[in-house]
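Single-structure report; data block below.
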Amino acid sequence: MQTTIVCALYKFVRLDNHESLRQPLLDLMLNERVRGTLLLATEGVNGTIAGSREGVDQVLNWLRLIPNLADLDCKESVSAELPFKRSRVKLKKEIVTMGVEGIDPQNATGTYVDAEDWNALISDPEVLLIDTRNDYECEVGSFAGALNPHTESFREFPAYAEQSLDKNKHKKIAMFCTGGIRCEKSTAYLREQGFEEVYHLKGGILKYLEKVPESESLWRGECFVFDDRVTVTHRLEPGSYEQCHGCRRPITELDKQSEQYIAGAQCPKCYDEITDEQRQRFLEREKQMQLARVRGEAHIGEDAKVLLQAKRETKYKAKSNQTKSNQTRSKSLSLKCKASAMPARYRVWSV
Ligand SMILES: [Zn+2]
């Protein structure tokens, strides 16, 4: 089977026309069978996509044609299967949410540190190393000696910083996250709070795993990723964890042997958090997924439906453009205007 390329990307850049990019980008992803989610906002683009080498490249090339995104960088890994079920492009207010207004990563981020220089920085005893990811992400792997702020979501980071960090005591702070995007905001936030030396692992853990050989690595464990692979190893291959379909936390084989584990519904970490109603709903969903799997229609049906809908919309748009164009043409002719009407055109995105 062909290897699937998984590509994580983001860029903080002003995108004033982000709404108009949504449909052509989604059409391209559907045509190229590229799955995953991309978020578009006036502050930039963020997301992870997966597909064939050619498909992913088509999407990247298209994005790089947008003037401010010409140097868009990405972190790649591989997977035997497509780790996403759908193709989505969402319009958002922010491409990563920390819940603090007015943070501007384009002007105030911390100092970027390349993966190759990261070991030297975090080996400095004066440096306080903070993992800005959520607790369940830190749990399955992190850098040796990194602090886990035990946050449930990134929105809790400012409160953690206020309670636990002191600009007079913590003179050098180094932060990291999966692909680097959360640190764009967390380092900008600390800088704005008056912390002077704030460092940011450029490209995040994924870039570090790509660049630093395992024999020299200070990374311990696996790296949590937000797709069906759950985690990746140091070699950026799918890891050993599964995911609880109730709480989405990573679970081990041992968790699955627990009495509190019910496939598709709950695990030892969430069995006392979910309600009976939720449990029933999760079980029903699991049943449907299994039925779909047995029929072998799991994702194919969904894809075909979306693709058909997209084709219908494109056809409809082309037709209505043609009608408009014809109307304009007959109007021009009747007015005996010399200027010819523009032919109806719609873009074909297989460049
Ligand atoms: Zn769970």
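The values are calculated or read from the model by the stated rules, or taken from the named source; none is laboratory data. None of the values given here were measured: they were computed from a predicted structure. Using ideal geometry, Cβ is built from the backbone for each residue, glycine included, and neighbour counts are taken over all protein chains shown.
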- Query: Can you name the residue in the range 226-255 that is within 11 Å of the ligand (Cβ to nearest atom) and among the charged types (D, E, K, R) and is also surrounded by the fewest Cβ atoms within 10 Å (Cβ to Cβ) among such residues?
  - Reply: Arg248
- Search the range 262-288 for residues that are free of Cβ contacts under 8 Å to residues at least 24 places away in the same chain and pair each with any residue that is within 11 Å of the ligand (Cβ to nearest atom) and acidic (Asp, Glu) when their beta-carbon atoms are under 7 Å apart and the residues are at least 6 apart or on different chains. Cys267/Asp255; Pro268/Asp255
- Message: Looking at Val96 and the list (1) modelled with pLDDT under 90; (2) crowded, with 17+ Cβ neighbours inside 10 Å, which single condition is not satisfied?
- Response: (1)
- Task: Looking only at the range 179-191, decide whether some residue is closer than 23 Å to Lys269 by Cβ and loosely packed, with under 15 Cβ neighbours inside 10 Å.
- Result: no
- Query: What residue, of Glu273, Glu284, is away from the ligand (no atom under 13 Å from the Cβ) and exposed (fewer than 15 other Cβ atoms within 10 Å of the Cβ)?
  - Reply: Glu284
- Query: Just one of Glu19, Glu43, Glu32 is under 18 Å from Cys183 (Cα atoms), out of contact with any His (no Cβ under 6 Å at 6 or more places or on another chain) and either without any contact (Cβ under 8 Å) to a residue 24 or more places away in the chain or not aliphatic (A, V, I, L, M) (or both); which is it?
  - Reply: Glu43
- Message: Every residue in the range 263-292 that is in a loop (DSSP other than H, G, I, E, B) and not hydrophobic (A, V, I, L, M, F, W, C), please.
- Response: Gly264, Pro268, Lys269, Tyr271, Asp272, Glu273, Thr275
- Item | In the range 256-269, residue surrounded by the fewest Cβ atoms within 10 Å (Cβ to Cβ) [restricted to those that are over 28 Å from the mean Cα position of the chain (by Cα) and near the ligand (Cβ under 10 Å from one of its atoms)] | Gln260
